[in-house]
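Worksheet for the structure shown next.
We did not get these values from a lab; they are worked out from the coordinates using the rules stated. Since this is a predicted model, take the numbers as computed values, not measurements. Methodologically, a virtual Cβ is constructed for each residue, glycine included, from the backbone with ideal geometry; neighbour enumeration extends over all protein chains shown.
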């Protein structure tokens, strides 16, 4: 077999899974949803996630840090916003709290699940791992401000009863969220870009970057794969809601499942980076995605709610507020030294387990 044919066979899955996902979407639209098609859609979704991770890593390698990690964070945020809005519009009254549940779940999945797993796996392979303390501190400062202003403050306003905001308050919240995220991106990519570069150089710096043509093809296929992931997740939403109702689980479980599906590509990319001893890249992906989730998703969802008059509940319940406060406190302590061990990973994972347990057994 020639080298060209070997490369074609080795890379065929990276475009084969997105193609299969689109074929499944066509079948679902023509034949309707059935148990068999739902199972096929689930398999196609997982395969397409792996393909999306591959293409994101190709683009990231070409653009370099920290621009590369922004690619996947922004793309995932766009599809998450589209998915939340599409589900909200189907049943506004029933899904008034879906955006809050999904965004809170995303923060907990990223800051405890993904970060915890990355710290544990990375430390298990490399004992101690280092990262840029200044970059982590900057990200955590913005994350704390965004989460409190967006998910806690609505419970204490007087114009409207919590957990909702009035239209002027919602519009002002949009501007503040966008300003905070824009300031963070400016610091990350322009003013203090060195705060987010790998300690001691990138472990992949010695590998030749892909050509511009390869990076452009991967960027296009990444977009195709991410749109397919959204379509499949939306097609599976009704099945997920029915399963949640059948199992008599709280409705917040729907938001957790949606957030987990959307964050799967980014979580896998962060885990692979941590295993390869690139913890800075892993944290850029994880913390960047949580910031983008709040800084961009909330304004998008809130704008749609204002324009369409859809009800939107943002304030968290007291139990979730406690878990959020604990997550922020532990994150500051964990990422406050510039080095991590397996202990920090275990602490975050156990907090994530507590979040999942009390979401199912409130």
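Entry note, the chain: the mean residue ellipticity at 222 nm calculated from DSSP H runs of n ≥ 4, each adding -39500 (n - 2.57), is -24500 deg cm²/dmol after division by the residues and rounding to the nearest 500. Ordering 260-267, 209-216, 355-362, 133-140 by mean Cβ neighbour count within 10 Å, with the highest value first, yields 260-267, 133-140, 355-362, 209-216.
Its residue count N sets the reference 2.2 N^0.38 Å, and the alpha-carbon radius of gyration of the stretch 290-356 equals 1.48 times that reference.
(1) 1.11; (2) 0.98; (3) 1.04: which one is Cα Rg over 2.2 N^0.38 Å as calculated from this entry? Checking each listed value against the structure points to (2). Packing, taken as the mean count of other beta carbons within 10 Å per residue, orders the peptides 185-198, 13-26 from highest to lowest as 13-26, 185-198.
Which shape class applies to the stretch 197-349: rounded if a/c is under 1.5, otherwise prolate when a/b exceeds b/c and oblate if not, where a ≥ b ≥ c are the square roots of the Cα gyration tensor eigenvalues?
On the way: a/c = 1.93, a/b = 1.27, b/c = 1.52.
Verdict is oblate for the stretch 197-349.
Ranked by the mean number of other Cβ atoms within 10 Å per residue, highest first, peptides 298-309, 50-61 order as 50-61, 298-309.
Treating each Cα of the stretch 120-201 as an identical point scatterer and summing with the Debye formula, the log10 of I(q)/I(0) at q = 0.17 Å⁻¹ comes to -0.78.
Rounded, prolate or oblate: which one fits the stretch 133-175, using the alpha carbon gyration tensor with axes a ≥ b ≥ c (rounded when a/c is under 1.5, else prolate when a/b beats b/c, else oblate)? Provide the component values of the computation, followed by the final result.
Details: a/c = 5.29, a/b = 2.49, b/c = 2.12.
Since a/c reaches 1.5 and a/b is larger than b/c, the shape of the stretch 133-175 is classed as prolate.
Quick check: from the Cα gyration tensor, does the stretch 140-252 come out rounded (a/c under 1.5), prolate or oblate? Oblate.
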